[in-house]
């Protein structure tokens, strides 16, 4: 009787663990707009100033004060922290490697009216780790994995999010703008 009870408990625990596991959960389709939710209302003027750049002049993002303000104003959407998601975007290498890249940034479409647009805000950049590696091209990709709020600074653009990808597939350009 005791052995049967223990077996039932073990089986029940395993079933719950498997069914509740993020790898078996259907991913939540999110858009780049979803990642922006949670921005403090008090930051709207700072963000608008950064994003509106009518002359496409270079902005000095390395300025420590501006970087700190942008990080505070783009904390990431806490409702998505720990959720398995699927999002389309453009892979951008962190280093000058394009083959078998295991760590890269996922970014939304960039403005087309500037030759050198400013980097996306931190809550619009996802640091992706993908053990299998991908070849980076100009084509967009779908990323599936567990999204975490993990601020990360790098030379290209700071990111508010991180995903350990379980799947990377080809996307189309419309997927990136309407990935919901």
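Derivation of every value follows stated rules applied to the coordinates shown; laboratory data play no part. What you are looking at is a predicted structure, and each value in this text was computed from that prediction instead of being measured. As a convention, Cβ positions derive from the backbone with ideal geometry for all residues, glycine included, and neighbour counts pool all protein chains shown.
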Residue separation times 0.36 nm, minus the C-alpha to C-alpha distance between residue 166 and residue 81: what's the value? 29.0 nm
Can you give me the distance in nm between label points at residue 45 and residue 138, each placed 7 Å from the Cα along the Cα-to-Cβ direction? 4.1
By per-residue mean of other Cβ atoms within 10 Å, what is the highest-first order of 93-100, 129-136? 129-136, 93-100
Restricting to Cα pairs below 8 Å that are 6+ residues apart, what does the relative contact order work out to for segment 28-177? Please round to a whole percent. 26
Rounded to the nearest Å, what's the spacing between the alpha carbon centres of segment 109-151 and segment 70-104? Just the number, please. 5
Base-10 log of normalised Debye intensity for segment 124-166 (one unit scatterer per alpha-carbon) at q = 0.14, 0.18, 0.24 Å⁻¹: -0.33, -0.56, -0.94
On each of the three principal axes the extent of the alpha-carbon atoms of segment 82-180, given in whole Å and largest first, is 34, 28, 27
Residue 71 and residue 150 label points (each 7 Å along its Cα→Cβ direction) are spaced in nm at 1.7
